[in-house]
1. Name every residue in the stretch 53-71 that is closer than 21 Å to residue 105 by Cβ and either in a loop (DSSP other than H, G, I, E, B) or without any contact (Cβ under 8 Å) to a residue 40 or more places away in the chain (or both), in order of residue number.
2. Taking the conditions exactly as written (open to solvent by less than 10 Å² (accessible area, probe 1.4 Å), among the β-branched types (Val, Ile, Thr) and part of a helix (DSSP H, G or I)), does residue 170 satisfy them or not?
3. Regarding residue 202, is this residue out of contact with any Lys or Arg (no Cβ under 7 Å at 6 or more places or on another chain), assigned to a helix (DSSP H, G or I) and without any contact (Cβ under 8 Å) to a residue 40 or more places away in the chain?
4. Residue 84 passes all but one of (1) open to solvent by less than 50 Å² (accessible area, probe 1.4 Å); (2) part of a loop (DSSP other than H, G, I, E, B); which number fails?
5. Report, by residue number, each residue of the stretch 87-98 that is assigned to a helix (DSSP H, G or I) and open to solvent by 20 Å² or more (accessible area, probe 1.4 Å).
6. So, in the stretch 99-145, exactly how many residues are among the hydrophobic types (A, V, I, L, M, F, W, C), open to solvent by 10 Å² or more (accessible area, probe 1.4 Å) and either more than 17 Å from residue 174 (Cβ to Cβ) or part of a strand (DSSP E or B) (or both)?
7. Among what's in the stretch 1-49 and is of a type in the set (S, T, N, Q) and in a helix (DSSP H, G or I), pick the residue that is nearest to residue 137 (Cα to Cα).
8. Tell me which of these residue 157 doesn't satisfy, since it passes every other one: (1) surrounded by fewer than 16 Cβ atoms within 10 Å (Cβ to Cβ); (2) within 24 Å of residue 34 (Cα to Cα); (3) not hydrophobic (A, V, I, L, M, F, W, C).
Amino acid sequence: EAARLFATSANVAGRLERSTGLVAEVLPHPPQALPYRSSPSQGFVLSASRLDRAKRIDLLLEAAAREPGFEVVIASDGPDRERLEEIARARGLDGRVRFEGRVDAEELAQLYATCSSVYYAPVDEDFGMGPFEAFLSGKPVITTTDAGGPLDVVSDRETGLVVRPDAAEIGTAATWLREHEEEAAAFGRAGKALADEVTWDRAIARLFS
């Protein structure tokens, strides 16, 4: 009986069409409200995803172990934290990986503002707020070819880097963005222009149009 059908991403719309034959319009929505801003990079890669196996933060840790040129800040918590901390210890990453746990809105905005890039590479994600939060902070995103929803907005060498779900490739991408600040800033600006168009006013207007 619905007059129109919406899905939060092309990934969700694709699943719906494959399973039911129903075709949905893609209607993204903005992320949480933070005091977003952009500041000069301090050289670290930020992960602000829930610490869950599906978010594949272990790939980022393995990448850091292969590429000694960057640091990692993990700003979240979840059931996978103990395993991830053990991986960091086993790979000798003490001092280069910081587990910040849950942080407040101001601190999270500051981490986004000062990172060199944001890692967001869950497997087959429905939508994913991480890229939009990164873009509103003017930062590029590293994601993977099988990430799902993030691929709606993370375009390789346009708003970030898209690589295979491989630690070596993720490490190379993170190092490249840290060492090529002008290109990274350009990717971040392109992402911000995209994210600025995704507002609740526009989403609600489409729902009621």
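1. none
2. For residue 170, the condition - open to solvent by less than 10 Å² (accessible area, probe 1.4 Å), among the β-branched types (Val, Ile, Thr) and part of a helix (DSSP H, G or I) - is met.
3. yes
4. For residue 84, the exception is condition (2).
5. 87, 89, 90, listed by residue number.
6. Residues meeting the conditions: 8.
7. 11
8. (2)
The values are calculated or read from the model by the stated rules, or taken from the named source; none is laboratory data. As the structure is a computational prediction, the values presented were derived from the model and not from experiment. All Cβ positions, glycine included, derive from the backbone under ideal geometry; neighbour counts span all protein chains shown. Surface accessibility is based on the protein's heavy atoms, side chains included, excluding ligands, DNA and RNA. Shrake-Rupley method; radii C 1.70, N 1.55, O 1.52, S 1.80 Å.
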